[in-house]
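Here the structure is laid out as structure tokens; the discussion comes afterwards.
Taken together, the values in this text are just the output of simple stated rules run on the coordinates, not laboratory data. A quick note: this is a predicted structure, and the numbers were derived from the prediction, not measured. Methodologically, a virtual Cβ is constructed for each residue, glycine included, from the backbone with ideal geometry; neighbour enumeration extends over all protein chains shown.
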Amino acid sequence: MVEEVPTSASNLSTNPLNLPGGLPGPPTRRLTKPRCLRRCDLMLATSLIALALFFVCQPIFALFRWMEQTNFYSYPPLRMFVDAREYGTGTNRSDVVQPLLGLDDKFDIAVSIWQETSDLERREHMQGKNRLSVIDWGNFYEKTIFSDVVFRGVRLSDTEMFTNITFTIPTEIFLTYPRHSGDMLRASFVILPHSPSPIDHYYNHTSWYPPQLIRPRFRSVPFPLGSPMKTPRRLVDYALDSFAISIPLLEAHEIPSVCPGATKASYYKQALKYHPHVVTRTNLRILRETRLYNRTAYLVMHEELRRTSCGQLEKLDHEGNLFLHPEDCHRWYMMNANYETLVQLAVPDSSAVGGFREESAYAPYMDVLANAAGPKDLVPVPIDRELCGRCAPNPTNRTLADDMNITYHISYSSVTPRMFLLGELQPMGRLRLHHTASELERAREHDLAEVYASVAGHRYHENSHPRWRLARAVLYDVTSVFLSLIYATYWATRTSTAGISIPGTLSYAAGSILDKAHLFGPQGIWDWLGKMHTVAEKVSLLGFVIVRSGLSVPFLMLRAVLRMRVVSQSNGGGWGPRLGWIKATHQERTSARLDARMDWRWKCGIFGAVFLAYSAFGLDEHYLFPPVLPAHAIGELSGMSLFNQFANTLKMSGLIMQLILNRRLQVFAGRYKSAVVVAIAAMLLRYAAAVQWIVGPAEVMPGLSYATVAWDVILMVHCWQALLYSSRIPDDKDLEEPSLNL
């Protein structure tokens, strides 16, 4: 329906248009909005604000709930600790459990690389021709290929230290690589405290590892590898090994087939899907914990951990025998913390009985950040495990290379308990890419993996700044969402189209809808909604997509320029609201006439020029500052499709039409002035992603295309008009028509 706007004598304006001879023009009609319209606009604006607050506050509340459930602020509980001022020195030190490493105590970190032996080396070992480290489960034989100190004189207060290890491994041992077997290549890490240290007074220790468990070796004998045998292993060496760690350096990932026509055959599936890859990056971290534990409380936790560790309660057979494997010993900071190893000390004290005072110390907690290696840190082993010819099951050439040179990247950081807990609890799994992923996709995922690792306090390189990249990305996303909410509020509360270029707004709205059409295509919002199980999840996802993408803005623009309103049905027409269209006021018609003074040929010329710049001259494919890409990915960067070029042409043409109308009316319209400020902030944050001294070197860095420059020039014109013109159109006079004409 058409909602008539009431006209009365009180609504007649005595201010004429600037017509020749001073003749009075037609009276203007002031829009008197019905009460229902005011209520509907108020409800719409309130709903937008409530929706924005919901999707902004929901993750914040979820974060606080997660912190409360995980005891993020107080783990271990404060009741476990005592005041260090009361137990500084003296005989009362026997009532506490002190740290084995203080904040400024120096120590070394030894790294050893272990590799499964070949068949020839096993036979030589049985003949006594070489010395290998033998582990007794399943007659598994391995040897040390590297064992030395890699970090010297580090402290718990040190962070972000880097080193590289190079070694060579034969590839033939991986031909029989089983699924999920990391024992064929592993790395071990051992902490070696400097003297003086509490470990100098060692006389006994207890560990959370069951005595029945056969653990692997952690250092070569002799140590370092290749050095002359000096002294046999001491008891204190077993104590140091009790809190050492060992990690696998092999992972199974899918690779493409090299056999023609064999990718669909089940005969090759296992070999293709579980191909061995060497992990070449490890982020080592040590808990920065130096507080004093209450001895009684600590012993309770230590004994409970010893009783239940490594699946002792589940691994008993029907005869009560215990069969354990090191893989059964799952370490989790919230369960183990510093309760794993208790070292008993005999400190010299002339006043004590026997001349020694018994004290206790807890071992430092060391671990690696899980799944921290990026896609480019996973190196496939150059072997052929497919057996392409079934008639020749034992081909002679199955190794693509006899040896494999590895550069192993290791970083060390000491982290606080909260950061340690955050590293274990963050939902970060391995970024798995399909083997068909391009080099550009792998580089982007590699940068993303470093950003994830930075949340837990690690980075890949000394001069990289992943936290700055993360902060910039978060600020940019928040700014973009805030900008979309400002646009939505502006168009939801528009009661008049005076000062608005209707053709320009229609063009921009159509371009925005086309630009967001991919949300409803394959792998779009409908696929994600189908994966949701509850209505609340679907509503939350739909609301997030609407707020994040600004999907509501073009529809609110159409509602405003088409003057659609929800009006009440009166005069016997029934009950309830229905959709209607409001007639234009005199001020709106004057604004439309001024907008129509731009001939349609000019409008088509603007559209044609912009589309020609996109399609013919490659506005989005040529760069003022080229992007940073991997060497093999330069040709993978493609421009927009013709569909996206058309959508962006509609949007840019619509903005240009609005700017021209603003110039005619000497009025700033089309958006809030605050939106210009937020848009400039988003532009600066976007530019910051390409500044190396801000975000550091990265595998992929965006460039500055001429299309981006064109959009930013339009934004600068908006900024200039916002400073020059007023955004308020006076109600007591009509719009004037200046002599400017196009």
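Observations on the model:
- Amide H to amide H, with H built 1.01 Å from N, PHE81 comes under 5 Å of ASN294, counting only residues 5 or more places away or on other chains.
- Simple point charges give the picture: +1 on the Cβ of Lys and Arg, -1 on the Cβ of Asp and Glu, and for region 444-487 a dipole about the Cα centre of about 100 debye.
- 5 angstrom amide H check on SER147, placed H, neighbours 5+ away: ILE113, LEU225
- Amide hydrogen proximity for PHE625: with H placed 1.01 Å from N in the peptide plane, the residues at 5 or more positions away or on another chain lying under 5 Å are LEU704.
- Residue order for MET366, MET683, fewest other beta carbons within 10 angstrom first, comes to MET683, MET366.
- When the GluC sites (Glu not before Pro) in region 445-480 are filtered for DSSP coil states and for at most 14 other beta-carbon atoms within 10 Å of their beta-carbon, the remaining sites are GLU462.
- About the centre of its Cα atoms, region 150-250 shows a dipole size close to 200 debye [charges on the beta carbon of Lys, Arg (+1) and Asp, Glu (-1) only; nearest 20 debye].
- Gyration tensor (alpha-carbon) shape descriptor, region 589-700, a/c threshold 1.5: oblate
- Ascending count of other beta-carbon atoms within 10 Å, so fewest first, for HIS275, HIS194, HIS458: HIS194, HIS275, HIS458
- Of LYS603/LYS673; LYS583/LYS603; LYS106/LYS376; LYS143/LYS376, pairs whose Cα-Cα distance is over 31 Å: LYS106/LYS376
- Remark: TRP693, TRP528 ranked as TRP693, TRP528, counting other beta-carbon atoms within 10 Å and listing the fewest first.
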